[in-house]
1. Quickly run through the stretch 1042-1058 and pick out the residues that are open to solvent by less than 10 Å² (accessible area, probe 1.4 Å) and assigned to a loop (DSSP other than H, G, I, E, B).
2. Being touching a residue at least 60 places away in the same chain (Cβ under 8 Å) and assigned to a loop (DSSP other than H, G, I, E, B) is the filter here, so list the residues in the stretch 591-615 that pass it.
3. Of the residues Leu472, Leu509, only one is under 24 Å from the mean Cα position of the chain (by Cα) and either surrounded by 21 or more Cβ atoms within 10 Å (Cβ to Cβ) or on the phi > 0 side of the Ramachandran plot (or both); which?
4. Ile666 passes all but one of (1) open to solvent by 10 Å² or more (accessible area, probe 1.4 Å); (2) more than 30 Å from Ser863 (Cα to Cα); (3) of a type in the set (Val, Ile, Thr); which number fails?
5. Could you list, in sequence order, all residues of the stretch 931-950 that are among the hydrophobic types (A, V, I, L, M, F, W, C) and farther than 17 Å from Gln369 by Cβ?
6. Does Gln697 meet the test of being open to solvent by 10 Å² or more (accessible area, probe 1.4 Å) and assigned to a helix (DSSP H, G or I)?
7. For Tyr949, which of the numbered conditions (1) more than 29 Å from the chain's Cα centre (by Cα); (2) in contact (Cβ under 8 Å) with a residue 24 or more places away in the chain; (3) closer than 30 Å to Asn1094 by Cα fails to hold?
Amino acid sequence: MSQPGIPAPGGALTGLQAQNGATSASGSPYTNGPIHNELMSSQGYNSQLPGSYSHLIPAKTLNPISGQSKYSGSQTVSPLSNYQGPGQTLHRPPVASNPVTPSLHSGPVPRMPQHASQNPAATPVPSGSFHPGAIVSPPSNWQYNYPSTGSQTNHGPLVSSGPAMSGNTNLTTSHQYVSSGDPSLQNNFIKSGSAPPLVNSPLPTTFQPGAPLGPPPMGGPPPVRAVTTQKSSQGAGPQSLFSSAVSREGITSSTNNGSMVVHNSYDEIEGGGFLATPQLTNKNTTVSRSVGYSYPALPPGYQNTVLPGTAGMPPSSLSYPSGPQAFTQPPLGANHLTASMSGLSLHPEGLRVINLLQERNMLPSTPLQPPVPNLHEDIQKLNCNPELFRCTLTNIPQTQALLNKAKLPLGLLLHPFKDPVLPVVTSSTIVRCRSCRTYINPFVSFLDQRRWKCNLCYQINDVPEEFMYNPLTRVYGESLKRPEVQNATIEFMAPSEYMLRPPQPPVYLFVFDVSHNAVETGYLNSVCQSLLNNLDLLPGNTRTKIGFITFDSTIHFYSLQEGLSQPQMLIVSDIEDVFIPMPENLLVNLNESKELVQDLLKTLPQMFTKTLETQSALGPALQAAFKLMSPTGGRMSVFQTQLPTLGVGALKPREEPNHRSSAKDIHLTPSTDFYKKLALDCSGQQVAVDLFLLSGQYSDLASLGCISRYSAGSVYYYPSYHHQHNPVQVQKLQKELQRYLTRKIGFEAVMRIRCTKGLSIHTFHGNFFVRSTDLLSLPNVNPDAGYAVQMSVEESLTDTQLVSFQSALLYTSSKGERRIRVHTLCLPVVSTLNEVFLGADVQAISGLLANMAVDRSVTASLSDARDALVNAVIDSLSAYRSSVLSGHQPGLMVPFSLRLFPLFVLALLKQKSFQTGTNARLDERIFAMCQVKNQPLVHLMLTTHPNLYRVDNLSDEGALNINDRTIPQPPILQLSVEKLSRDGAFLMDAGSVLMLWVGKNCGQNFLSQVLGVQSYASIPHTMTDLPELDTPESARTIAFISWLREQRPFFPILYVIRDESPVKANFLQNMVEDRTESALSYYEFLLHIQQQVNK
């Protein structure tokens, strides 16, 4: 019987088009559901002149009367000490909406055997229905192959025609490819078997970023020739579309009269992805402001060498041949790559075929490492760190047909703003391809000292004069040793051409729920105390602004004007038409008003202790906060403790506890589009919203979460938060707030991902708004956010043996600097199915499938998503069996690279996002789905498949030594009760929680030396901390747990578990390999997979 939205057996999987997020291959560049008309014409900024941040809020009449002011008869101003309670309340009926889902078509599916406790029937989705944000696309099955017609690629020049879309002047939904420049250059692919001059020789010593800037050599560098904008005579597009002074990336360059073109969209500034235009082929941007001598002298880790024969010669007298020369760059690349299986020595175990029914225990005892791409060592050592940039397949299939045959997803997982130590370049020339706007990187080819070939579109570009000078060695003519071509991850200080307006100041607005329910939880004490402790550590400078809003049934603003003796409260009770009283005094300079801010934070927790107001007007409070922040942008931190009940955005309870277990009829979609629309408005004005939900009751996170998802914010969830009844949540909130308030932040950011010609990106996952087909709008970017994209092979890659991917993140730092962070990844192309399987990255595949499954859950149903995950394993292993293995072999045969694939998918099925069973509260499930979409891969895998360690016998053998600390490294165990023993103690690291299970017969040594108790019976039921005892056993255990906690941005609570502990059920729930009431054991799952594969 046909099931809606389920792929056919053996059929390809994919196409989860979701996200704000998923850009449809054949649809509009806008995939965010209905958008306000104002948004469609918005440019993302108000049209003020640069430098002005005045508040553009309509003023209401102010009638000061003896220290109080009246606003439209419903607003009161009073000193905080005189606060008597809320003003009048205006009720407004909640906004109704029709959340529905698109119908999907598919064939029959091999379902997992289900227990009687599960409802096996999937509910048909009503046809013709559509919910806000869903993407209905022609390939309705979850298939990896995407039609090549109509999809966009992010390379190559394009001419666009048609109406302009939101935030972008040159966008269109129909594109026509036009060749640019000399056709021989355009199609200058690397021929198979040739040895292209690809990668630049490595530096003799390592680069040490962070050194102080130093002066250039005496006499300065050679004179830098001015590079002027040139139009390509070959451009075949309508010239009138653009001003000639705007480059491919929208960068302004000087015209004859010295004037600058003003940009009105970020797509012009970062531009060039899908929408590069052929006529704008100006040379590399020349910075109009003075940046000193080319760029900072970097540390003396480089040898101060001079080119042979140039010693003693002035730089200007160096002569270069005019024509193409045999350049002395090491000929790495094609001839060093394996075109067949003969050179797979990099993967000694890679050729193993494993029968999982006989060798189930394939989990390594040390953390699983990503596969190393099969590249020449000189290329690989320059490659991007997999923690930052990772592909699901480290061997890229030559054609889409080969990718379809493998039945594996092709995609990238990014952690772009992670804080590695990286080189920062301050240069007056940022060298980029004049065709596709790729940033120069280690994987371009230098044809000679004057020309380089782009590794994404193969355009040949000139090397700017300034790039010839290497500030590291202070030698002219060493462009190959510049940091840009020696580092796959690099950050540029961006010139003014990369700005739409002056860099915004850091702005932080805190919005607090102060209803009776909120006051009862006691969260205000913790939050205000954390803010007081970290006020001086907020990222920023002398321009930092801060403000506060509180709300219940009315909205309370706080005037912090310099000169006031104490903060002044302004109450607006007209929630139907929210306005901003005294806008100039509500967001204040933190340095100038620090004492008032501190006074407010000290008094806020006590101000509402006797309130009887139970209503929550969250929607109007968010509208007010948005109006207050929209002139500048910034970060809005919202703390909410219940379901919003008043004004716009009011919600009604939708959870039915008796239906928690069924995989159908659960409300994963928003009940209103108010929060999404407001988030899109916020995104247009560079405001990101972070939501802290501290609630013991259902709060409809599916609806509320949209405010963060589409504005590039984050969601934090603390179920059953209470300062007395749940003290461990208080500790968790305080630790996570400290990280949240002090971590690095980027403002008004955009990100674009480019890939080699022939590949295209069709779907994005994460928290953002897709501004123009492939430009992600990120009002805030933080180091804890991850992103994922799905790709297809649009054109055959037979003429190249390497492909590259590059992400560029343009952002404003908290110090007001405009910066560009660039990551570049290089991977080999293969022509056989065996090599595709050989290079599979099982963790990256599992992470991408999890993102796709969240989308499928929302657009179709939870049962569809579960079936699609199972079919992903069946289809890929069937393809391997039928196309790679010779002869019929009994058992479940898998390639070594996919030995953990069934285990990880089973773990996903048991993860809170996708599990069935009565213990999954709806908000907790939604939060788990939010985490899947927004967490970097390393954290997602840990919450999906936790690590289990035995810790009652820790030793220093094999320990790490970090900062004079010894960190034990116990082996990782399988997640099965078979691995537990009653005479031991076992620690489970499940990412956001740590559980220490102590066996009944655990040795007295561990009990007394680590837990500090005399017997098993005296272990407290609610123990959540280990005592710091003066014993080596205690020191080792605490060092190990502290080390685990330090590696993540959130704070995992530690629970010490006895056999009778209520938390024991959670501990056993994470035993992925064991059978539960509603899920198979690992062995049963393998038997089911084998049965389907061998059909």
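The values are calculated or read from the model by the stated rules, or taken from the named source; none is laboratory data. All of these numbers come straight from a predicted model, not from anything done at the bench. Cβ: placed from backbone, ideal geometry, glycine included. Neighbour counts: every protein chain shown. Just the protein is used for accessible areas: all its heavy atoms, side chains included, with ligands, DNA and RNA removed. Shrake-Rupley method; radii C 1.70, N 1.55, O 1.52, S 1.80 Å.
1. Selection gives Pro1052 alone.
2. Residues of the stretch 591-615 touching a residue at least 60 places away in the same chain (Cβ under 8 Å): 597-598, 600-605, 607-609, 611-615.
Within the stretch 591-615, Phe608, Thr609, Thr611, Leu612, Glu613, Thr614, Gln615 meet the criteria.
3. Leu509
4. All conditions pass for Ile666, except number (2).
5. So in the stretch 931-950, the residues among the hydrophobic types (A, V, I, L, M, F, W, C) come out as 932, 937-938, 940-942, 948.
If the condition is that a residue be among the hydrophobic types (A, V, I, L, M, F, W, C) and farther than 17 Å from Gln369 by Cβ, then Val932, Leu948 are the ones that fit.
6. Details: open to solvent by 10 Å² or more (accessible area, probe 1.4 Å): yes; assigned to a helix (DSSP H, G or I): no.
It is false that Gln697 is open to solvent by 10 Å² or more (accessible area, probe 1.4 Å) and assigned to a helix (DSSP H, G or I).
7. With respect to (1) more than 29 Å from the chain's Cα centre (by Cα); (2) in contact (Cβ under 8 Å) with a residue 24 or more places away in the chain; (3) closer than 30 Å to Asn1094 by Cα, Tyr949 is out only on (3).
Rundown of residues vs (1) open to solvent by less than 60 Å² (accessible area, probe 1.4 Å); (2) polar (S, T, N, Q); (3) touching a Leu at 6+ places or on another chain (Cβ under 8 Å); (4) more than 30 Å from Lys652 (Cα to Cα), yes/no style:
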{"residue": "Cys930", "(1), (2), (3), (4)": "yes, no, yes, no"}
{"residue": "Leu937", "(1), (2), (3), (4)": "yes, no, yes, yes"}
{"residue": "Ala959", "(1), (2), (3), (4)": "yes, no, no, yes"}
{"residue": "Arg982", "(1), (2), (3), (4)": "no, no, no, yes"}
